[in-house]
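Quick note: the coordinates plus some simple rules give every number you see, no bench work behind them. From a predicted model like this one, the values you see are computed outputs, not experimental measurements. Cβ: placed from backbone, ideal geometry, glycine included. Neighbour counts: every protein chain shown.
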Amino acid sequence: MNDINSLIAELSDTVQGRVKAELDHLASLATPQTMTAAEQICSAQRIDLEGLQGIQDVQAALASEVKSPFGVILTSQGTLAVLPFVTAQLDDVLRFDPKAGKLIAVADLRAIAGVPETRAGGRSNDYENPIRELRALRTSQGPALQGRNAEAKALQAELEKQFTDMKCPSLPTVKRYVSEVRSGS
């Protein structure tokens, strides 16, 4: 161990950091649970785990399967740490539901992998709540105007008066909300 430390001490600071990180990574892999998981995965892939080449083979096999910067390795037991992937045990992700007779997900793999949340359908709608509140108020005060266009124009004018700090939606947008209310959607 002293020979390794003296060799590392002679290296530049940046190289020392990389070597120490690799040694820490290798040390984290040397647990019985990790070796069991690695043997199960690697025997199926016909990968020899001896030395650094085996770890690089595992990384290459995973990289060829995964076309995303995010990934999760599921193991039946132990944790196989292969960067840049996150490792989780099957028991933490799936459970068997005896009543339904099937496996059910108990954890979101996107959250485990660290995938950022994305909005489906574009940006949020700033108009939805104010238009719905104003429609409800106008409906409670009496019947709506005859015709969708007349009601939409009156609603748009009311929005411009009440919400001066907000850009008013276009007339087609307001008409869509009027149509939804009238059709019961």
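Some points to look at:
- Here's the list of lysines a cross-link from K167 could span, going by alpha-carbon distance under 16 Å and ignoring same-chain residues fewer than 8 apart: K153.
- Share of pairwise Cα separations in the stretch 128-183, more than 13 Å, in percent: 54
- The label-point distance for Q146 and D108, in a model that sets each label 7 Å from Cα toward Cβ, rounds to 5.0 nm.
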